[in-house]
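Novice: Please find one structure pasted underneath; my questions will follow.
The values are calculated or read from the model by the stated rules, or taken from the named source; none is laboratory data. From a predicted model like this one, the values you see are computed outputs, not experimental measurements. Cβ atoms come from the backbone with ideal geometry, glycine included; neighbour counts cover every protein chain shown.
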Amino acid sequence: MDVVDWLGLAESMHISTHQEKEAKRMRFYNKSSTDMKEVKTGSVHLIVTSPMYCMVEKWDSVYGLVDFEWQHNKLFGTWLECNRVLVEGGIICVNIGDATRSVNGNFECFPNCAWLTFNMKKYLGLTPLVPIIWKKISNRPNAFLGSGMIPPNGYVSQDHEMILIFRKGSPRRYPPKDPKRYASSFTKEERDVWFSQTWTVPGARGASETSSFPEEIPYRLIRMFSIEGETVLDPFAGACTTGIVADRLGRQGICYDIINYIPE
Ligand SMILES: C[S@@+](CC[C@H](N)C(=O)[O-])C[C@H]1O[C@@H](n2cnc3c(N)ncnc32)[C@H](O)[C@@H]1O
């Protein structure tokens, strides 16, 4: 297990001096988040993450078996750990999409979003809140899957992902007029866009290897659901987008990934 030297990373990623200074707060663990013993129980205020989407072919070799429930069960150890480290009233935001593929000659939609929503409540007691529908702007029209212009065997194209939102227990409480809470406020314009159910945000550029989300996604979620000085965790960190943005926003970022995408 490695704890990466964040200052070295900041330098190699050409992050500005200002960010570099702030970035001292981030911790990256190059290991599986099914065991996050480095993180104290009840010490994380917000989790912003995006796991490998189950049944997406790209990840077959990591999962080992092409089976919907098997793949979700492999991730569940991480969700258990997330529940342990989260404070009472803490929030988990999970960016995930459904998967479509043919298995045994049968084209099918695998409902990752529904599975996770149902089981986070059933097994962890987390409260599902209204999710965000993230429409990624793309220059390419969606390819139609079917035979030309004739019914009935066409398939609807998938053009969005979800950001599922869960809360552990009751909403968090702060002392009246808490200065840090007020210092972390958003504007009315930001609130009107961020708390609407559909977000239109372009995907991250050049992110195919790491499957990164764009910084705008963790930026909004961190400002919506945490205050300055609090701790933000990403248990499936990829290129540590969440940790980098958390640092920039004056939060303590903690990242885990089995792959180290950080340049040596
Ligand atoms: C969709 S990517 C995350 C991308 C990230 N949001 C970003 O912006 O770069 C999912 C990541 O989960 C990691 N992963 C899968 N299983 C894991 C586990 N058990 N523990 C830690 N990381 C894991 C994969 O290596 C992959 O980098």
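Novice: Can you go through Glu38, Glu69 and tell me which one is loosely packed, with under 14 Cβ neighbours inside 10 Å, in a helix (DSSP H, G or I) and at pLDDT 95 or above? Write out each step before concluding.
Specialist: Values: Glu38 fails: in a helix (DSSP H, G or I).
Glu69 is the lone residue from the list that is loosely packed, with under 14 Cβ neighbours inside 10 Å, in a helix (DSSP H, G or I) and at pLDDT 95 or above.
Novice: Residues that are within 12 Å of the ligand (Cβ to nearest atom) and either on the phi < 0 side of the Ramachandran plot or out of contact with any strand residue (DSSP E or B) (no Cβ under 9 Å at 6 or more places or on another chain) (or both), at least 2 per element: which strands (runs of 3 or more DSSP E) completely within segment 165-264 meet that?
Specialist: Numbers: elements: 198-202, 231-234, 252-256.
Answer list for segment 165-264: 231-234, 252-256.
Novice: Still on this structure, I have one more. Step by step: first the residues of segment 94-104, then only those that are part of a strand (DSSP E or B) and more than 17 Å from the chain's Cα centre (by Cα), then the one that is surrounded by the most Cβ atoms within 10 Å (Cβ to Cβ). Which residue is that?
Specialist: Only one residue fits best here, namely Thr100.
Novice: Kindly evaluate Ile91 against the criterion of being under 30 Å from Tyr174 (Cβ atoms), of a type in the set (A, V, I, L, M, F, W, C) and either part of a loop (DSSP other than H, G, I, E, B) or touching a helix residue (DSSP H, G or I) at 6+ places or on another chain (Cβ under 9 Å) (or both).
Specialist: The answer is yes for Ile91.
Novice: So, Ser147, is that one among the polar types (S, T, N, Q) and either modelled with pLDDT of 95 or more or not in a loop (DSSP other than H, G, I, E, B) (or both) or not?
Specialist: no
Novice: Looking at Val62, is it near the ligand (Cβ under 9 Å from one of its atoms) and exposed (fewer than 15 other Cβ atoms within 10 Å of the Cβ)?
Specialist: Details: near the ligand (Cβ under 9 Å from one of its atoms): yes; exposed (fewer than 15 other Cβ atoms within 10 Å of the Cβ): yes.
Yes; evaluated as a whole, the condition is true for this residue.
Novice: Regarding Thr198, is this residue within 24 Å of Ile96 (Cα to Cα) and loosely packed, with under 11 Cβ neighbours inside 10 Å?
Specialist: yes
Novice: Which one of these is out of contact with any His (no Cβ under 8 Å at 6 or more places or on another chain), farther than 24 Å from Ile259 by Cβ and part of a helix (DSSP H, G or I): Phe76, Phe118, Phe107?
Specialist: Numbers: Phe76 fails: farther than 24 Å from Ile259 by Cβ; Phe107 fails: part of a helix (DSSP H, G or I).
Matching residue, one of Phe76, Phe118, Phe107: Phe118.
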